[in-house]
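One structure is given here, and the rest of the page talks about it.
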Amino acid sequence: MKAEITWQPSEHGLAFDGVMDDGKTISLDGSGNDLSPMQAVLISVGACSSVDVVEIMRKARQPIESCICRLEATRADSPPRVFASIHAHYEVSGKQINEKHLARAVQLSCEKYCSVMLMLNAKVAITTSFGLSE
């Protein structure tokens, strides 16, 4: 995997475009006008773990209809303003979903499969919760 990040000189001076070796792109802005790099990391935590939860539930033949991951993070007050804590709450819906399967899916994602969470968990207090609805 390779990526190239190119500074986009502008009035604010901190915009960057990222291009992956497969052509996928993202724009990030350190000045706060667009998605910041730290916001992208937080979104990546939710997306990565949600992929796992959905895949695990499907493999368990659970009739999952939706999965929303709501994230709340705190950051250090002084530079470097790393994440101090992240809480991920998964709202999953579907008819006749077994709550134990969902609890296990969330646990497996956080402890074994989510590469983004696993990269962060040595320095960041990561907690999870979930809700289930039909």
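Report whether or not residue 97 is over 29 Å from residue 28 (Cα atoms), among the β-branched types (Val, Ile, Thr) and in contact (Cβ under 8 Å) with a residue 40 or more places away in the chain.
Numbers: over 29 Å from residue 28 (Cα atoms): yes; among the β-branched types (Val, Ile, Thr): yes; in contact (Cβ under 8 Å) with a residue 40 or more places away in the chain: yes.
Yes.
Within the stretch 12-27, which residues are without any contact (Cβ under 8 Å) to a residue 12 or more places away in the chain and touching a strand residue (DSSP E or B) at 6+ places or on another chain (Cβ under 6 Å)? Break it down stepwise before answering.
We begin by selecting, within the stretch 12-27, every residue without any contact (Cβ under 8 Å) to a residue 12 or more places away in the chain; these are 22-25.
Once the filter is applied, which keeps residues that are without any contact (Cβ under 8 Å) to a residue 12 or more places away in the chain and touching a strand residue (DSSP E or B) at 6+ places or on another chain (Cβ under 6 Å), the stretch 12-27 yields only 25.
Among the candidates 22, 29, which residue alone is outside the structural domain of residue 121 (by TED's automatic domain parsing), at negative phi and surrounded by 15 or more Cβ atoms within 10 Å (Cβ to Cβ)? Reasoning before the result, please.
On the way: 22 fails: surrounded by 15 or more Cβ atoms within 10 Å (Cβ to Cβ).
Of the residues listed, the single one that is outside the structural domain of residue 121 (by TED's automatic domain parsing), at negative phi and surrounded by 15 or more Cβ atoms within 10 Å (Cβ to Cβ) is 29.
Looking at (1) surrounded by fewer than 17 Cβ atoms within 10 Å (Cβ to Cβ); (2) within 23 Å of residue 37 (Cα to Cα), which is the only condition residue 65 fails?
If we test residue 65 against (1) surrounded by fewer than 17 Cβ atoms within 10 Å (Cβ to Cβ); (2) within 23 Å of residue 37 (Cα to Cα), just (2) comes out false.
Considering only the stretch 32-47, state which residues are surrounded by 11 or more Cβ atoms within 10 Å (Cβ to Cβ) and part of a loop (DSSP other than H, G, I, E, B).
Let us first name the residues in the stretch 32-47 that are surrounded by 11 or more Cβ atoms within 10 Å (Cβ to Cβ), namely 33-47.
Once the filter is applied, which keeps residues that are surrounded by 11 or more Cβ atoms within 10 Å (Cβ to Cβ) and part of a loop (DSSP other than H, G, I, E, B), the stretch 32-47 yields 33, 34, 35, 36.
Return the pair list, or none, for Cβ contacts closer than 9 Å from residues in the stretch 102-129 that are without any contact (Cβ under 8 Å) to a residue 12 or more places away in the chain to residues that are surrounded by 18 or more Cβ atoms within 10 Å (Cβ to Cβ) and among the charged types (D, E, K, R), at least 6 apart or on different chains.
From residues that are without any contact (Cβ under 8 Å) to a residue 12 or more places away in the chain, the pairs are 112/52.
Looking only at the stretch 89-126, how many residues end up being closer than 18 Å to residue 71 by Cβ, touching a helix residue (DSSP H, G or I) at 6+ places or on another chain (Cβ under 9 Å) and at pLDDT 95 or above? Before you say what the answer is, go through the steps one by one.
Going residue by residue through the stretch 89-126, those that are closer than 18 Å to residue 71 by Cβ are 89-92, 102, 105-107, 109-111, 113-121, 123-126.
Now narrow it down to the ones that are touching a helix residue (DSSP H, G or I) at 6+ places or on another chain (Cβ under 9 Å): 90, 92, 102, 105-106, 109-111, 113-118, 120-121, 124, 126.
Still in the list and also at pLDDT 95 or above: 90, 92, 102, 105-106, 109-111, 113-118, 120, 124, 126.
Residues in the stretch 89-126 being closer than 18 Å to residue 71 by Cβ, touching a helix residue (DSSP H, G or I) at 6+ places or on another chain (Cβ under 9 Å) and at pLDDT 95 or above: 17 in total.
The values are calculated or read from the model by the stated rules, or taken from the named source; none is laboratory data. Quick caveat: nothing in here was measured; it's all calculated off a predicted structure. Counting neighbours? That spans all protein chains shown, and the Cβs are built from the backbone with ideal geometry, glycine included.
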